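These notes concern the structure reproduced below.
The values are calculated or read from the model by the stated rules, or taken from the named source; none is laboratory data. These numbers were taken from a predicted model, which means no experiment stands behind them. Here the Cβ positions follow ideal geometry from the backbone for every residue, glycine too, while neighbour counts run over all protein chains shown. Keep in mind that these areas ignore ligands, DNA and RNA; they rest on the heavy atoms of the full protein, side chains included. Shrake-Rupley method; radii C 1.70, N 1.55, O 1.52, S 1.80 Å.
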Amino acid sequence: MITLLTDFGLQDEYVGVMKGVIAGISPGERVLDISHQIDPQDIVHGAFVLEAAYTYFPVGSIHVAVVDPGVGSERRIIAAACGGHLFVAPDNGILEGILGDGTVSEAVHVSDARYFLEKVSHTFHGRDIFAPVAAHLANGVPLSNLGSAVDLSSLVSGVVPRCRFLSEICLEGAVVAVDHFGNLMTNIPNSAIERLAGPAIQDRMVVELNETPIGRLVKTYSQVAAGASLAIIGSRRLLEISVSGGKAHHVLKAGKGSRVRVYMT
Amino acid sequence: MITLLTDFGLQDEYVGVMKGVIAGISPGERVLDISHQIDPQDIVHGAFVLEAAYTYFPVGSIHVAVVDPGVGSERRIIAAACGGHLFVAPDNGILEGILGDGTVSEAVHVSDARYFLEKVSHTFHGRDIFAPVAAHLANGVPLSNLGSAVDLSSLVSGVVPRCRFLSEICLEGAVVAVDHFGNLMTNIPNSAIERLAGPAIQDRMVVELNETPIGRLVKTYSQVAAGASLAIIGSRRLLEISVSGGKAHHVLKAGKGSRVRVYMT
Amino acid sequence: MITLLTDFGLQDEYVGVMKGVIAGISPGERVLDISHQIDPQDIVHGAFVLEAAYTYFPVGSIHVAVVDPGVGSERRIIAAACGGHLFVAPDNGILEGILGDGTVSEAVHVSDARYFLEKVSHTFHGRDIFAPVAAHLANGVPLSNLGSAVDLSSLVSGVVPRCRFLSEICLEGAVVAVDHFGNLMTNIPNSAIERLAGPAIQDRMVVELNETPIGRLVKTYSQVAAGASLAIIGSRRLLEISVSGGKAHHVLKAGKGSRVRVYMT
């Protein structure tokens with residue numbers, strides 16, 4: 001199975017054409033979409049969505065992530081095996097969370113043009129390189145055929161902002177995406193909050209957004225009244241800030257980059 | 001075959017992840033999208049789109065409908081067999097039109113966690129419950145394994161507004177959705193209009209929107225001049241109000257909830 | 001394989017229902033989306049997207065294009081074999097570029113209702129005619145069964161604007177679409193520019209948008225500074241006008257219909 005994550009949108013032929021190319025090379029291969037509405041050229045948004053999604057696909061899946069503001073420049077394309085999954089993406093940070101977790105078994109610099117379309121444009125490597133490479137991987141071509149091994153320490157990193165402990169009792173992160181429901185998705189994992197607070201987290205936790213306290217850390221949306229703001233550990237196991245029955249980014253006038261703090265009282 | 005109807009949008013990983021979960025449990029099963037752009041948390045919109053769509057899928061299809069403002073609360077999840085199709089949805093009214101037509105052969109309260117993902121979040125039952133349950137149904141698990149039978153009279157109902165006869169010659173309904181072309185989709189079925197008027201309906205029928213008469217009831221868009229408003233029995237066999245070559249919701253300044261009347265002159 | 005290109009959007013059940021109908025007639029057939037977000041009723045937009053896409057699908061694919069402002073009127077539906085691909089579309093110009101290239105081997109007027117759904121609405125031929133006809137073609141029904149042969153010269157043409165040489169050194173075309181990234185897609189093919197300028201095109205070429213010179217004709221986005229405008233031969237092998245790191249249609253205040261000139265200095 002091949003999954004696709006891009007910022008191409010669904011308006012143009014871009015995504016359909018990638019699937020056509022894959023079908024031409026690997027006819028029976030199933031292709032599933034993770035999202036094609038990553039905010040244009042937003043590597044951070046793409047990284048978080050991919051990290052949230054890929055483990056829910058069967059082991060052996062090939063994940064193609066094309067958020068690629070450097071298309072046509074000298075930026076490298078990377079293919080890697082990690083935790084039983086394969087990834088193909090530009091070397092621009094979009095894979096840093098996945099490749100940085102210590103489970104990478106192999107990573108190569110994709111460079112062998114035998115696995116590309118014959119004619120490679122300067123503007124659409126999704127069609128000309130990423131799709132055919134993924135299809136060849138699905139056909140059983142080994143990673144090592146695609147190009148030479150890369151040193152993981154040479155990969156672009158530091159692009160995706162991570163949360164940090166300001167003190168033993170205070171954690172700071174940021175909003176990294178706004179979802180379809182207007183929820184503010186942060187980069188603060190539940191695991192970090194648990195380090196702050198132990199199991200009985202809800203009672204003693206304050207969540208601040210842009211230096212303004214917002215509501216309680218709750219378990220379900222229905223715990224607060226309609227229109228009230230709340231913080232919740234979302235389906236990605238990250239802290240999210242929501243407004244019950246509303247759109248948090250409108251109501252709270254916040255968005256990507258807004259600062260979030262969690263601390264004990 | 002499994003179909004998906006949600007209000008999740010396509011921007012986030014939500015829909016892709018549901019398909020990944022299904023593929024992990026029922027690898028060969030085909031999954032088709034009905035829509036993922038139901039207006040957020042709008043059960044009525046979801047109900048009308050599902051009713052309009054499901055009969056066009058092969059008998060034996062499993063339809064998963066997740067418009068679920070009560071996720072994480074005590075609301076039940078229902079699975080039912082009806083007219084040769086299977087349905088899985090929250091008990092919030094989204095299935096009331098389908099289950100209310102007297103053809104339900106079996107309905108259960110989905111509660112057996114063996115058919116859920118191991119870890120169930122409070123915010124994303126689409127991934128953690130609906131997708132795996134549908135995949136297990138596709139694998140042949142009988143409905144009765146999912147939970148105990150439910151009394152149909154106990155299901156949430158009365159959520160979806162239906163049209164009514166104000167008199168023998170006047171029918172009142174409402175706009176329940178605005179489609180991609182700006183057409184105003186009402187809850188007035190052709191069958192009710194035929195009860196008003198018999199076969200020769202067009203000549204003697206007046207359609208009012210928000211107490212203002214709009215154009216004739218026509219058979220094709222091309223029967224009126226560009227820019228003119230019209231009423232037509234649409235592809236759902238419901239009354240729709242359109243503007244030829246334009247967007248009715250803009251031109252007529254109407255939308256969901258707008259009142260529609262049809263009467264004889 | 002069947003591909004779908006429509007202006008139906010993804011909000012309503014329209015596209016899902018077409019796939020359900022296909023699955024009912026040709027159960028194993030794969031269906032891929034080219035786009036469902038063609039600008040509503042914009043035949044020109046649809047024509048350019050289809051021309052850009054279809055050659056990337058395997059030979060033998062069946063391409064269904066439904067941008068159909070004349071639905072319900074007397075406009076014909078055409079099915080044609082061309083360059084190893086099959087096409088089904090209204091006779092409204094959307095296929096004129098493809099059928100006009102001299103490689104059509106057969107074209108018929110689709111009229112045999114045995115290949116339609118039993119009940120054909122006046123407003124949704126995508127579901128009632130196009131989808132079932134494509135599914136029957138996928139099942140091996142020959143084109144000639146669908147209806148009588150049509151004379152190509154009788155087809156609607158002249159709808160899609162093409163670029164023209166104003167002189168031996170000046171080419172004039174227009175913006176025909178704005179893509180997801182805000183790029184201005186023109187109808188000026190690389191082949192025409194090469195006729196102006198031979199291989200060493202970049203140095204001597206000026207591109208004007210609405211009579212204002214914009215930046216150089218470059219090979220990659222990274223050749224200009226962020227925020228600068230540029231002209232580039234895009235992935236469709238057509239001239240595109242972009243703003244590096246920005247949205248050209250906003251920055252340059254241009255859109256569909258804007259005039260573009262390319263000339264030698």
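Could you pull the copy-to-copy label distances for A:Pro40, with points set 7 Å along Cα to Cβ, in nm to one decimal and sorted shortest first?
Copy-to-copy label distances at A:Pro40, shortest first: 2.3, 2.3 nm.
Between the range B:214-234 and the range C:11-67, what is the separation of their alpha carbon centroids in Å?
Between the Cα centres of the range B:214-234 and the range C:11-67 lies a distance of 27 Å.
Taking the label point as lying 7 angstrom from Cα along the Cα-to-Cβ axis, what are the distances from C:Asn145 to the corresponding position in the remaining copies, in ascending order and in nanometres?
3.9, 3.9
Where a Cα-Cα gap under 14 Å defines reach, which aspartates and glutamates qualify for C:Lys253, not counting those fewer than 8 residues away within the same chain?
Output for C:Lys253: C:Glu208, C:Glu211.
Heavy-atom accessible area per residue, the protein assembly as shown, 1.4 Å probe: how many Å²?
37
Kindly tabulate the residues in the range C:1-30 with an accessible-area decrease of at least 30 Å² between the chain alone and the assembly of all protein chains, using a probe of 1.4 Å.
Checking the loss per residue gives C:Leu10, C:Gln11, C:Asp12, C:Glu13, C:Tyr14, C:Gly16, C:Val17, C:Lys19, C:Gly20, C:Ala23, C:Arg30.
Under 18 Å between alpha carbons, and skipping anything fewer than 8 positions from B:Lys256 in its own chain: which lysines qualify?
B:Lys256 reaches B:Lys247.
So what does log10 I(q)/I(0) come out to for the range A:58-178 at q = 0.19, 0.21, 0.23 Å⁻¹, using the Debye formula with one equal point on every Cα and no solvent?
So the normalised log intensities are -1.03, -1.21, -1.40.
In debye, nearest 20: dipole of the range C:205-265 around its Cα centre with unit charges on the Cβ of K, R (+) and D, E (-)?
Value, rounded to 20: 180 debye.
Once the convex hull of the alpha carbons of the range A:204-265 is built, what does its volume come to per residue, in cubic angstrom?
Per residue, the Cα convex hull of the range A:204-265 comes to 87 Å³.
Would you check the accessible area of B:Arg237, probe 1.4 Å, heavy atoms only, in square angstrom rounded to 10?
100
Carbon and sulfur: what percent of the protein assembly as shown's accessible surface (1.4 Å probe)?
51
Rounded to the nearest 100 Å², what is the sum over both chains of accessible area buried where B meets C, with a probe of 1.4 Å?
The buried area between B and C, both sides summed, comes to about 2500 Å².
Simple spin-label model, 7 Å along Cα-to-Cβ: B:Ala225 to A:Lys256 in nm?
About 4.8 nm separates the two model spin labels.
Taking the Cα centre of chain C as origin and charging only Cβ (+1 Lys, Arg; -1 Asp, Glu), how large is the dipole, in debye to the nearest 20?
Its charge dipole is roughly 640 debye.
Based on the Cβ-Cβ distance from A:Ile169 to A:Ala113, what FRET efficiency comes out when R0 is 56 Å, to the nearest 0.05?
So, using R0 = 56 Å, E works out to roughly 0.55.
³J(HN,Hα) across the range B:164-178 via Karplus (A = 6.51, B = -1.76, C = 1.60, θ = phi - 60°), whole Hz, x for Gly/Pro?
Per residue, the Karplus-derived 3J(HN,Hα) values read 9, 8, 6, 7, 5, 10, 9, 10, 10, x, 8, 6, 10, 6, 10 Hz.
Straight-line reach from A:Lys119: which lysines fall under 18 Å, measuring Cα to Cα and dropping same-chain residues less than 8 apart?
Reachable lysines: A:Lys19, C:Lys219.
Report, to the nearest 10°, how far helix A:43-53 tilts away from the longest principal axis of the Cα atoms in chain A, using its own Cα long axis and a range of 0 to 90°.
Once rounded, one gets 90 degrees.
With point charges of +1 on the Cβ of Lys and Arg and -1 on the Cβ of Asp and Glu, referenced to the Cα centre of chain A, which listed residue (A:Val133, A:Ser35, A:Thr265) lies farthest in the positive direction of the dipole?
A:Thr265
Using only the Cα atoms, what convex hull volume per residue in Å³ does the protein assembly as shown have?
Dividing the Cα hull volume of the protein assembly as shown by its residues yields 176 Å³.
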